[in-house]
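Chemist: Here you go, one structure.
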Amino acid sequence: MTFKSAQEAHDALDEKIREARGALKDLQREVRVAREQTRREVMDQIHRELTRQLGLLSEATKQQMDVSVAKVIREFEKLGKILKGETSGQRRAGKSSIPELIEEMSDDAADDRD
């Protein structure tokens, strides 16, 4: 091997090394882009799924709240009937309602003052 052919081989290898470094930089850039794109896609997918699940939770919570509110209303209506003496059991037993008892007590108090 002559000096000239060794120099040519060296120059060719230097060129190949430059090309390899350029290709490596390109690959590293592509890897960064791919990682960023993957991160964005994963975040988008997480956001979509989280939004979907929060919507489902919101709807289920609203339904349960509606059921609970309806139950509380029924219980207060029932209590109101009991206090007014409007239940069938109270009417059959001839029991006085709370308003009637209050009226009787105020009448008795008025009689005592007279």
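Derivation of every value follows stated rules applied to the coordinates shown; laboratory data play no part. Fair warning: this is a prediction, and the values are worked out from it, not measured in the lab. Because the Cβ atoms are built from the backbone with ideal geometry, glycine has one as well, and the counts that use them run over all protein chains shown.
Chemist: Can you tell which of Glu100, Glu15, Glu77 shows the greatest fluctuation in a Gaussian network model of the chain with Cα springs below 10 Å?
Modeler: Evaluated over the chain, the most mobile residue of the options is Glu15.
Chemist: Per residue of region 99-108, in order, report the coupling 6.51 cos²θ - 1.76 cosθ + 1.60 (Karplus, θ = phi - 60°) as ³J(HN,Hα) in whole Hz, putting x for Gly and Pro.
Modeler: Per-residue couplings from phi come out as x, 5, 4, 5, 5, 4, 5, 6, 5, 5 Hz.
Chemist: Run down the aspartates and glutamates and flag those whose C-alpha is under 18 Å from the C-alpha of Lys84, throwing out any fewer than 8 positions away in its chain.
Modeler: Result set, ordered by chain and number: Glu75, Glu100, Glu103, Glu104.
Chemist: Among all the lysines, which ones have a C-alpha under 25 Å from Lys16's C-alpha, if same-chain residues fewer than 8 places away are not counted?
Modeler: Lys4, Lys25
Chemist: Moving to a separate point now. In debye to the nearest 20, how big a dipole does region 3-84 give about its Cα centre with +1 on each Lys and Arg Cβ and -1 on each Asp and Glu Cβ?
Modeler: For region 3-84, the charge dipole is close to 780 debye.
Chemist: Then there is this: State whether the chain is rounded, prolate or oblate according to the following rule on the C-alpha gyration tensor (a ≥ b ≥ c being the square roots of its eigenvalues): a/c under 1.5 gives rounded; otherwise a/b larger than b/c gives prolate, and the remaining case gives oblate.
Modeler: The shape class here is prolate.
Chemist: Can you give the extra length, in nm with one decimal, that the chain gains between Leu54 and Thr2 once fully stretched, where that is 0.36 nm per residue apart less the Cα-Cα distance?
Modeler: Extending this stretch completely gives an extra 11.1 nm.
Chemist: Right, next: Work out from phi, with θ = phi - 60° and the Karplus expression 6.51 cos²θ - 1.76 cosθ + 1.60, the ³J(HN,Hα) of each residue of region 49-59, listed in order in whole Hz, and give x for Gly and Pro.
Modeler: Once rounded to whole Hz, the list reads 5, 5, 4, 4, 5, 5, x, 5, 5, 4, 5.
Chemist: In sequence order, what are the phi-derived ³J(HN,Hα) couplings for region 63-79 according to the Karplus relation 6.51 cos²θ - 1.76 cosθ + 1.60 with θ = phi - 60°, rounded to whole Hz, with x for glycine and proline?
Modeler: Ordered by residue, 3J(HN,Hα) equals 4, 5, 5, 4, 4, 5, 4, 4, 5, 4, 4, 4, 5, 5, 5, 4, 4 Hz.
Chemist: Okay, moving on. Could you point to the residue in Leu50, Gln37, Phe3 farthest towards the positive end of the chain's charge dipole, with +1 and -1 charges on the Cβ of Lys/Arg and Asp/Glu respectively?
Modeler: Phe3
Chemist: Which of rounded, prolate or oblate describes region 53-114 when judged by the alpha-carbon gyration tensor and an a/c cut-off of 1.5?
Modeler: It comes out oblate by the Cα gyration axes.
Chemist: Evaluate the distance, in nm, between pseudo-label points positioned 7 Å from the Cα of Ser96 and of Asp26 along their respective Cα→Cβ axes.
Modeler: Distance between the two pseudo-spin positions: 10.1 nm.
Chemist: In the Gaussian network model of the chain, springs joining C-alpha atoms below 10 Å, which of Thr51, Thr61, Thr87 carries the largest mean-square fluctuation?
Modeler: In the Gaussian network model the winner is Thr87.
Chemist: With a Förster radius of 30 Å, plug the Cβ-Cβ distance of Ala9 and Val33 into 1/(1 + (r/R0)^6) and report the FRET value to the nearest 0.05.
Modeler: Computed FRET efficiency for Ala9 and Val33 comes out at 0.25.
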